[in-house]
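Read the figures in this text as sums done on the coordinates, not as results from a lab. Treat the numbers as computed from the prediction; the structure is a model and nothing was measured. Cβ atoms come from the backbone with ideal geometry, glycine included; neighbour counts cover every protein chain shown.
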Amino acid sequence: MSKVLDEVLTANQTYAADFGDKGKLPMPPGRRFAILTCMDARLDPAKYAGLAEGDAHVIRNAGGRASDDAIRSLVISYKLLGTREWFVIHHTDCGMETFTDDVMRKLLRGSLKTASVDANGWHDPGGVGSHEGEHISWLTISNLEKSVVEDVERIRRHPLVPGEIPIYGYIYDVRSGRLVEVPEATAAGVAR
Ligand SMILES: [Zn+2]
């Protein structure tokens with residue numbers, strides 16, 4: 001068995017052994033809010049936002065971007081499961097700041113192997129690649145505050161998102177663990 005697989009299954013046994021009443025939790029999030037944030041391994045929304053099982057929806061993708069699929073989840077979150085407030089939380093030192101669509105597409109054309117990065121940028125080891133990367137918008141980030149504002153604005157303007165849901169824009173600082181507001185984003189996300 002793979003080491004990681006073994007570790008995950010062992011950890012799960014320990015978790016499930018002490019599961020308690022959590023098996024009786026209802027499906028709708030008890031604290032009626034949702035967080036859209038990055039998949040970065042350093043971010044633990046349950047810890048940085050004080051969540052327990054059953055509290056809130058956490059939607060994660062590369063960058064915490066307001067992609068069509070993130071909006072799909074947010075719409076389900078309020079329409080069917082009753083959330084009433086949303087957070088968009090990007091973070092410092094995000095990997096999405098380290099490349100562009102062109103860079104990613106070129107790397108994928110080069111090969112499907114893991115690329116390496118140094119002071120001169122990303123490098124592909126070479127091999128067999130694919131042009132399929134051309135068809136994906138990679139939603140990279142060139143300015144962190146701007147990306148939070150853009151995503152809050154996109155969600156705010158979306159025809160399936162009701163005006164009464166406030167959307168808060170924040171940046172999580174990976175060096176301190178603190179959430180820092182992006183006032184322009186929160187202003188754009190104010191409930192109407
Ligand atoms: Zn990130």
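Given the condition in contact with a strand residue (DSSP E or B) (Cβ under 9 Å, 6 or more places away or on another chain), on the phi > 0 side of the Ramachandran plot and crowded, with 16+ Cβ neighbours inside 10 Å, answer yes or no: does some residue in the stretch 131-152 qualify? Taking every residue of the stretch 131-152 in turn, at least one turns out to be in contact with a strand residue (DSSP E or B) (Cβ under 9 Å, 6 or more places away or on another chain), on the phi > 0 side of the Ramachandran plot and crowded, with 16+ Cβ neighbours inside 10 Å.
Conditions (1) touching a residue at least 60 places away in the same chain (Cβ under 8 Å); (2) crowded, with 16+ Cβ neighbours inside 10 Å; (3) under 18 Å from VAL174 (Cα atoms); (4) near the ligand (Cβ under 10 Å from one of its atoms), marked per residue:
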| site | (1), (2), (3), (4) |
| --- | --- |
| ILE59 | no, yes, no, no |
| GLY64 | yes, yes, yes, yes |
| SER67 | yes, yes, no, no |
| SER73 | no, yes, no, no |
| LEU81 | no, no, no, no |
| VAL88 | yes, yes, yes, no |
| CYS94 | no, yes, yes, yes |
| ASP102 | no, no, no, no |
| LEU108 | no, yes, no, no |
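Scanning the stretch 35-57 for residues that are of a type in the set (A, V, I, L, M) and either in a helix (DSSP H, G or I) or within 15 Å of the ligand (Cβ to nearest atom) (or both) yields ILE35, LEU36, MET39, ALA41, LEU43, ALA46.
Scanning the stretch 99-109 for residues that are touching a strand residue (DSSP E or B) at 6+ places or on another chain (Cβ under 9 Å) and either part of a helix (DSSP H, G or I) or among the basic types (Lys, Arg) (or both) gives VAL103, MET104, LYS106, LEU107.
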